[in-house]
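Contents: one structure, followed by commentary.
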Amino acid sequence: SRPSGMLKLDFYESADGETILLTFPNGGVGIVDAHPSQTSTRPDILKLIEGREVHFACLTHPHRDHGADLITVLERHPNVQAFWHTVSDVDVTVFLQQDAMSYPNYPSACREAVERMKKGWADFLIDLYSAVAEKNIPRHQLRNDLRPQIVDGVEIFVLGPDEGMAQRFVEAHNNRLKDFKAKLPDPNLLSAILAVQYAGVVVLLGADALKENWRSATRLYFEFKLPKALVLKVPHHGASNALQMQCKRHEH
């Protein structure tokens, strides 16, 4: 039976990042990225979800400006059912080697790589995945070869990234363990592209996906025979590096 009520989406921009809150028909919520507002225009994240079941907290791609407040949610909210992400298990394993850093003499093949990674944006991911591990929250890696997720009667289609993109990052990290100067792909290529469908209406969430992501996502959108999206959330970096190709295609 179809749940009563409606699906509500709230979009909060914060200059550096964004927060997208999905309120499902029966009152539970899903969080797609979360970053505090510099000007306090977005309420405190814990107040937004107070007393509600969090069906999932989703980090669309491994950039701090999309997930700083997810750490707060994962650490302090008592009812988070799942953590959705696009980072491979290899990456997570490396990030969680942070535990070994507390013991200077503890042998670890990843020690040097972790020490170097900590100087960059990996600090954020170490904190995030440590919170997931500490509370034993189930992890779900998003890829476009998986079945749609159904949450409270709402279908969530994962249009990106594809499995080949995820494998590219695994291989890059394997190379970087041998040579830290080895170049990593742009993390925006891991962006989760989500099509949220309810009652015949689709909202398309693209995170910071690039043109390469949208090529495969567009093909899959048509394969799923989804209706024309009512709303497209433009990436906060702007669409010139992502959607320009698609706009030209649909002019004809």
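The values are calculated or read from the model by the stated rules, or taken from the named source; none is laboratory data. Since the model is a prediction, treat every value here as computed from it, not as a measurement. In this analysis, Cβ positions are derived from the backbone assuming ideal geometry, glycine residues included, and neighbour counts consider all displayed protein chains. Calculation scope for accessible area: heavy atoms of the full protein, side chains included, ligands and nucleic acids excluded. Shrake-Rupley method; radii C 1.70, N 1.55, O 1.52, S 1.80 Å.
Taken over region 134-156, residues that are among the hydrophobic types (A, V, I, L, M, F, W, C) and surrounded by fewer than 16 Cβ atoms within 10 Å (Cβ to Cβ) amount to 2. Against the list (1) more than 23 Å from D162 (Cα to Cα); (2) hydrophobic (A, V, I, L, M, F, W, C); (3) in contact with a strand residue (DSSP E or B) (Cβ under 9 Å, 6 or more places away or on another chain); (4) surrounded by fewer than 20 Cβ atoms within 10 Å (Cβ to Cβ), the condition L46 fails is (3). Can you name every residue in region 131-155 that is farther than 14 Å from H85 by Cβ and in contact with a Leu (Cβ under 6 Å, 6 or more places away or on another chain)? Residues satisfying the conditions are N144, V154. For region 74-84, the criterion of being out of contact with any Pro (no Cβ under 9 Å at 6 or more places or on another chain), open to solvent by 20 Å² or more (accessible area, probe 1.4 Å), part of a loop (DSSP other than H, G, I, E, B) and on the phi < 0 side of the Ramachandran plot is met by at least one residue.
Tell me, please, whether a residue that is open to solvent by less than 20 Å² (accessible area, probe 1.4 Å), at pLDDT below 95 and among the aromatic types (F, W, Y) can be found in region 177-190. There is no residue in region 177-190 that is open to solvent by less than 20 Å² (accessible area, probe 1.4 Å), at pLDDT below 95 and among the aromatic types (F, W, Y). Residues in region 200-226 that are open to solvent by 50 Å² or more (accessible area, probe 1.4 Å) and touching a residue at least 12 places away in the same chain (Cβ under 8 Å): G200, V201, K211, E212, R215, F224.
For residues that are open to solvent by less than 20 Å² (accessible area, probe 1.4 Å) and outside any loop (DSSP other than H, G, I, E, B), scanning just region 49-68, find the one that is farthest from L142 (Cα to Cα). First the steps, then the outcome.
Quick first cut of region 49-68, residues open to solvent by less than 20 Å² (accessible area, probe 1.4 Å) only: 49, 54, 56-62, 66-68.
So of that shortlist, the ones also outside any loop (DSSP other than H, G, I, E, B) come out as 54, 56-58, 66, 68.
On the way: V54: 18, F56: 12, A57: 12, C58: 9, H66: 16, A68: 19 Å.
Among those that are open to solvent by less than 20 Å² (accessible area, probe 1.4 Å) and outside any loop (DSSP other than H, G, I, E, B), it is A68.
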